[in-house]
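First the structure, in the form of C-alpha cells, and then the observations on it.
The values are calculated or read from the model by the stated rules, or taken from the named source; none is laboratory data. Being a predicted model, the structure only gives us computed values, none of them experimental. Here the Cβ is made from the backbone with ideal geometry for all residues, glycine too, and neighbour counts use every protein chain on show.
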Amino acid sequence: MKILLITLYTLILFISLVKADECTYSYVAKPEESKYTKQFSINTDREGHAVRIFSAENTYKNQKKNCEGVSLVKEFNWGYSDYINKNGPVKGHVTQVYSDGSKIFLTFEGTSQNPGGAKNFTNVGISNIVGGTGIYENISGYGLNKGEFNPETGYSSFEVTLKYTK
C-alpha cells in the first residue's frame, strides 16, 4: 500500500511539474504609451527629502503576444517613493490587462537614482507576481525591470521581463 501511495504521489508531482512550463515574456513600455495620471509630493523637514505617491497608466498599441498567445493592452501602476536629492526607493502595485481580459497582479520594488542631476531618473527593480484572473488564475513568478523616468516632465520608458508558471 505504501508503494502504491508513493508511486501515485510521485506521478502527481511529475505531472504538475511537466504542466508548469516557465514562460519568459519581455516588453517595452514606450514614452508615448505611458502617462502619469496623478502625483503628489511632500517635502519633509530635511533638505532635498521628498515623499511622493503616484498613479500611472500604460496603454499598449502593438505589444507582441506572450506564451499564451495574448498581448498586454493596459497597465495600471500605483506607487510611492522616498527620495533624498532625487535618489531612493520606490514601491507599489501593478495590474496588467491582457487582450482576452485576463489580468496579472504584481508588486514592485526598486531603486531610483538621478546621478549628477541628469534630466531623467534611472530605475532598476523587481516585481513579484501575486495573483491573476482568467488564464492567469494560478500564476506565480517574478519580473525584472529597468528604465528611465521623470516625474516633472511625465517621461517614462521601461524594459520589463516577466518569468512565470501557471
If we ask which residues in the stretch 125-140 are assigned to a strand (DSSP E or B) and either surrounded by fewer than 21 Cβ atoms within 10 Å (Cβ to Cβ) or of a type in the set (D, E) (or both), their number turns out to be 6
Would the stretch 56-70 turn up any residue that is in a strand (DSSP E or B), surrounded by fewer than 17 Cβ atoms within 10 Å (Cβ to Cβ) and out of contact with any Asp or Glu (no Cβ under 9 Å at 6 or more places or on another chain)? no
When only residues in the stretch 141-166 that are touching a Phe, Trp or Tyr at 6+ places or on another chain (Cβ under 8 Å) and not in a strand (DSSP E or B) count, which is surrounded by the most Cβ atoms within 10 Å (Cβ to Cβ)? P151
I'd like the full set of residues that are in a loop (DSSP other than H, G, I, E, B) and surrounded by fewer than 15 Cβ atoms within 10 Å (Cβ to Cβ), limited to the stretch 87-119. D100, G101, A118, K119
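If you check I84, I3, which single one turns out to be surrounded by fewer than 10 Cβ atoms within 10 Å (Cβ to Cβ) and either at pLDDT 95 or above or not acidic (D, E) (or both)?
I3
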